[in-house]
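Only one structure is covered here, and it is reproduced in the block below.
The values are calculated or read from the model by the stated rules, or taken from the named source; none is laboratory data. Keep in mind the model is a prediction, meaning the values are calculated, not measured. Note: ideal-geometry Cβ built from the backbone for every residue, glycine included; neighbour counts use all protein chains shown. Keep in mind that these areas ignore ligands, DNA and RNA; they rest on the heavy atoms of the full protein, side chains included. Shrake-Rupley method; radii C 1.70, N 1.55, O 1.52, S 1.80 Å.
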Amino acid sequence: MNLDTLKEVLPLAEKYGLAYVMVFFFMAMCIYLVRYIITDARKDKEEEQEKVKLLTARLEKITDKMDGEREKFMEPLVGMVNRIKKDSGEDRGG
């Protein structure tokens, strides 16, 4: 707080009483802080939503790549199981 502002506030404090001026000052400060917190929280929420979208897209990309790798890896096993099914026949009893 600079001296010019203080020079403006002191006559008000003398006229209305220091307690009333301080209450007004602290109310204004509280309103300012609440507004700052709300707008800052809103910005943080939007940033978090952007991060979630980005990470979800990256996760989907990785998942698609891993699905392709899994299919390539399991291809010989699936072929072997299919050959065993053909060779066993369905009419045989156990």
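Table for the structure above
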read-out: Test: residue in segment 58-65 that is surrounded by 10 or more Cβ atoms within 10 Å (Cβ to Cβ), modelled with pLDDT under 90 and part of a helix (DSSP H, G or I); value: no
read-out: Candidates VAL81, VAL34, VAL21 - the one that is modelled with pLDDT under 85 and surrounded by 10 or more Cβ atoms within 10 Å (Cβ to Cβ); value: VAL21
read-out: So ASP40, is it at pLDDT 90 or above and open to solvent by less than 80 Å² (accessible area, probe 1.4 Å); value: no
